[in-house]
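Below is one structure, written out as structure tokens, with a few remarks after it.
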Amino acid sequence: MREYVFDDTGAQAELHRLRAIEAVFDPATKNRLKSTGLAKGWRVLEIGPGAGSIMHWLGEEVGPEGHVTAVDINPRFLDVRDSLNIDILQSDIREMNLDRSLFDLIHGRYVLLHIPNYQSVLKSLLHTLKPGGWLVIEEPDFSA
């Protein structure tokens, strides 16, 4: 497993950073995800869920008929609470072999900027989408 850039950050400082990202970006993220038609029964892959706010929200949105799989290289701030429809996998998304046509929705926010060869990850993710599925990737644009 490869290193994560924030592995050496103190737990409280890292949790504070992740919660700040959630506070600023969750409302827009939820609107983007709702615009896909997100519904009960969907199977969702959440890559790099951070502190888990969107992961838990997705679990509520897909309901008990649906399922959320969360993949994080360092899931130290994640828990499934009382949810029966969320699984957390500690893994590097670059090294995972996921089944084809498995997910209705794949979401990641501020994940690919940490991956030098993100194109291969995108290709892998596209193969795991069901026909008509949605890939929603939120990344900053530093080109300006």
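The values are calculated or read from the model by the stated rules, or taken from the named source; none is laboratory data. Here the structure is a predicted model, which is why all the values come from computation and not from measurement. Neighbour counts are summed over all protein chains in view; Cβ atoms, including those assigned to glycine, are modelled from backbone coordinates with ideal geometry. Surface accessibility is based on the protein's heavy atoms, side chains included, excluding ligands, DNA and RNA. Shrake-Rupley method; radii C 1.70, N 1.55, O 1.52, S 1.80 Å.
Suppose every Lys and Arg Cβ carries +1 and every Asp and Glu Cβ carries -1, with no other charges. What dipole size does segment 22-112 come out with about its Cα centre, to the nearest 20 debye?
With Lys and Arg at +1 and Asp and Glu at -1, about 280 debye.
Mind listing the long-range amide H neighbours of LYS130? Cut-off is under 5 Å, sequence gap 5 or more, other chains count too, H placed in the peptide plane at 1.01 Å from N.
Long-range HN contacts for LYS130: LEU102, PHE103, ASP104.
On alpha-carbon atoms, Rg over Rh for segment 50-106 using Kirkwood Rh?
On the Cα set of segment 50-106, Rg over Rh gives 0.95.
Taking the Cα centroid of segment 65-89 and of segment 93-130, what is the distance between the two, rounded to the nearest whole Å?
Result: 17 Å between the Cα centres.
Sticking with the crude label model, points 7 Å out along Cα→Cβ, report the distance from ALA11 to VAL136 in nm, one decimal please.
Between ALA11 and VAL136, the simple spin-label model gives 3.1 nm.
Filter the trypsin sites (Lys or Arg not before Pro) in segment 36-144 to those in DSSP coil with at most 16 other Cβ atoms within 10 Å of their Cβ, and list the result. Mind dumping the intermediate values first?
Values: sites: LYS40, ARG43, ARG76, ARG81, ARG94, ARG100, ARG109, LYS123; in loops: LYS40, ARG76, ARG81, ARG100.
Of the trypsin sites (Lys or Arg not before Pro), the ones in loops of segment 36-144 whose Cβ has at most 16 other Cβ atoms within 10 Å are LYS40, ARG76, ARG81, ARG100.
For a label point 7 angstrom out from the Cα of ARG94 toward its Cβ, which stretches of segment 109-126 have the backbone nitrogen within less than 11 Å?
114-121
Out of the GluC sites (Glu not before Pro) in segment 39-144, which ones are loop residues according to DSSP with at most 14 other C-beta atoms within 10 Å?
Sites meeting the loop and neighbour criteria: GLU65.
How long is the chain along each principal axis, judged by its Cα atoms, biggest number first, in Å?
Here the spans come out as 37, 33, 32 Å, largest first.
Could you tell me how many cubic angstrom of Cα convex hull volume segment 86-144 has per residue?
100 Å³
Whenever you get a sec, compute what percent of the accessible area on the chain sits on carbon and sulfur atoms (1.4 Å probe).
C and S atoms contribute 52 percent here.
Please compute the per residue accessible area over the chain with all protein chains in place, 1.4 Å probe, rounded to a whole number of Å².
About 56 Å² of surface per residue is accessible.
Which part of segment 105-142 falls in the paramagnetic zone of ASP26, meaning amide N under 19 Å from the point 7 Å along Cα-to-beta-carbon?
107-111, 138-139
Using the charge dipole of the chain (Lys, Arg: +1 at Cβ; Asp, Glu: -1 at Cβ; taken about the Cα centre), state which of HIS67, LEU89, VAL24 has its Cα farthest towards the positive end.
Of the candidates, HIS67 comes out farthest on the positive side.
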